[in-house]
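Okay, structure first, notes after.
The values are calculated or read from the model by the stated rules, or taken from the named source; none is laboratory data. As the structure is a prediction and not an experimental result, all values here were calculated from the model. Cβ placement follows ideal geometry from the backbone for every residue including glycine, while neighbour counts extend to all protein chains displayed.
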Amino acid sequence: MAVVNESITLNRREGNKGVIIFKWTPLTSTNTTGNPIEVPEYTDKTVQVYGTFDSGTVTIQGSNDVEGSPTYFTLNDPSSAALTFTSARGEAILENPRIIQPVLSGAGGTASITVIITCAK
């Protein structure tokens with residue numbers, strides 16, 4: 001299974017100079033994991049997930065362990081609910097770990113999901 005690399009957009013519009021946007025697309029049943037991003041200096045983060053889920057679940061994971069094979073944990077929204085997605089929606093991210101990645105599990109062959117994380121200072 002291949003890792004899906006992120007695209008990066010720096011938002012330079014007037015008034016939004018401290019914003020960076022990461023996008024992984026598509027997560028599929030064969031490409032299930034997004035390349036981890038390291039942005040702890042951007043403490044305000046929002047995730048949006050959309051696409052064809054085909055019974056899949058996207059989990060937003062984080063880790064402070066970046067040596068070798070990191071040990072990940074599931075991140076939460078501000079109400080402490082796990083950031084797991086079975087349909088399209090957006091949520092704020094409560095924690096601020098050193099690295100963050102999206103992971104797709106349980107998806108059928110037609111799954112094609114986009115994950116976007118917008119980070120602000």
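Numbers below:
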item: Single unsatisfied condition, Ser79 versus (1) polar (S, T, N, Q); (2) under 12 Å from the mean Cα position of the chain (by Cα); (3) surrounded by fewer than 16 Cβ atoms within 10 Å (Cβ to Cβ); result: (2)
item: Residues located in region 57-73, provided they are in contact with a Gly (Cβ under 8 Å, 6 or more places away or on another chain) and within 17 Å of Glu91 (Cβ to Cβ); result: Thr57, Phe73
item: Number of the exception - Val66 against (1) at pLDDT 95 or above; (2) surrounded by fewer than 13 Cβ atoms within 10 Å (Cβ to Cβ); result: (1)
item: Test: Ser69 is in a loop (DSSP other than H, G, I, E, B), small (Gly, Ala, Ser) and on the phi < 0 side of the Ramachandran plot; result: yes
item: Conditions (1) buried (at least 19 other Cβ atoms within 10 Å of the Cβ); (2) assigned to a strand (DSSP E or B); (3) touching an Asp or Glu at 6+ places or on another chain (Cβ under 8 Å): number failed by Gln61; result: (3)
item: Region 32-58: number of residues that are touching a Leu at 6+ places or on another chain (Cβ under 6 Å) and outside any strand (DSSP E or B); result: 2
item: Residue identified as in contact with a Leu (Cβ under 6 Å, 6 or more places away or on another chain) and in contact (Cβ under 8 Å) with a residue 12 or more places away in the chain among Ile117, Ile93; result: Ile93
item: Residue in region 93-113 that is among the small types (Gly, Ala, Ser) and either out of contact with any Ser or Thr (no Cβ under 6 Å at 6 or more places or on another chain) or at pLDDT below 95 (or both) present; result: no
item: Which numbered condition Ser87 fails, given (1) assigned to a loop (DSSP other than H, G, I, E, B); (2) of a type in the set (S, T, N, Q); (3) under 19 Å from Lys121 (Cβ atoms); result: (3)
item: Selection from region 1-19 of residues that are modelled with pLDDT under 95, touching a Ser or Thr at 6+ places or on another chain (Cβ under 7 Å) and either surrounded by 11 or more Cβ atoms within 10 Å (Cβ to Cβ) or part of a strand (DSSP E or B) (or both); result: Val19
item: Of the criteria (1) buried (at least 18 other Cβ atoms within 10 Å of the Cβ); (2) in a strand (DSSP E or B); (3) not hydrophobic (A, V, I, L, M, F, W, C), which one Ser29 fails; result: (2)
item: Residue within region 95-113 that is among the basic types (Lys, Arg), surrounded by fewer than 20 Cβ atoms within 10 Å (Cβ to Cβ) and closer than 20 Å to Glu6 by Cβ present; result: yes
